[in-house]
């Protein structure tokens, strides 16, 4: 079966595409809410949806790119492209939050702090809270059924959105009765949460792009020497990296020079099996084991 014919892959693409379409509709509803309320909290709320739309696009790209096999020019695959795009999006998000901060400053200095509210606004916000809850539930259930990390991460993002919606609703209600500072406070909270998400994404993607070690060499050395005591004298040159999905590991085993090539190969195979079982939380795409005789 081709990867493109995998039912879970096709369903993942359909699910994220449907969520993307929903988010575009939600963006329209939130923009209308901002037109009705002129609330800074709603403006930040709109920006949160823009981030969701960009993340949905990234998820679709990630799902599609992860299906492209390694080739001559990309022997480690194409998944690092996701980290590159994520870095651009996170940087854009961090920079764009300053626009909301500028709007807050303008509102305070010009005393434009009153908010209009009616039953339509309350109904739309309640509707959005329900929609976000349904999206989070469906995505989380799907991710657990098909073990899809991209969909699971997407679901975790949407779990906070119903809470955001309720907080925005409460903020608008309190601001409409004269507590103008609540709208400012809610917008600041949303900005801080968005910034936290962006900084976490930037940190994660930076580690991927900079090939930061995934597995502790000291811990791996200790585990192997303990499990193969008497067979392996030591091991050196341990390198691990990730493309965001897969782990690539390379190491050199130091063994007795009297071992035959066949015996050394057998021990190397056993070490690979041990690593895959001992570190089964990682998805290893390649484990390259070199052999060196002790002089």
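List of remarks:
- Residue 168 falls short on exactly one of the conditions (1) surrounded by 15 or more Cβ atoms within 10 Å (Cβ to Cβ); (2) at pLDDT below 80, and that condition is (2).
- Qualifying residue in the range 274-285 (condition: more than 18 Å from residue 223 (Cα to Cα), free of Cβ contacts under 8 Å to residues at least 60 places away in the same chain and surrounded by fewer than 14 Cβ atoms within 10 Å (Cβ to Cβ)): yes
- Condition check for residue 76: touching a residue at least 60 places away in the same chain (Cβ under 8 Å), assigned by TED's automatic domain parsing to the domain that holds residue 9 and assigned to a loop (DSSP other than H, G, I, E, B): yes
- Criterion applied to 61, 14 was being farther than 30 Å from residue 182 by Cα and either modelled with pLDDT of 80 or more or not assigned by TED's automatic domain parsing to the domain that holds residue 163 (or both), and the one residue passing it is 14.
- Any hit, the range 144-158, residues being modelled with pLDDT of 75 or more, crowded, with 16+ Cβ neighbours inside 10 Å, in the same structural domain as residue 46 (by TED's automatic domain parsing) and out of contact with any strand residue (DSSP E or B) (no Cβ under 9 Å at 6 or more places or on another chain): no
- Selection count where residues are over 30 Å from residue 62 (Cβ atoms) and either touching a helix residue (DSSP H, G or I) at 6+ places or on another chain (Cβ under 7 Å) or surrounded by 15 or more Cβ atoms within 10 Å (Cβ to Cβ) (or both), scope the range 235-256: 5
- Residues (touching a residue at least 24 places away in the same chain (Cβ under 8 Å) and assigned to a helix (DSSP H, G or I)) located in the range 218-237: 220, 223, 224, 227
The values are calculated or read from the model by the stated rules, or taken from the named source; none is laboratory data. Nothing here was measured: the structure is a model prediction, and the numbers come from that model. As a convention, Cβ positions derive from the backbone with ideal geometry for all residues, glycine included, and neighbour counts pool all protein chains shown.
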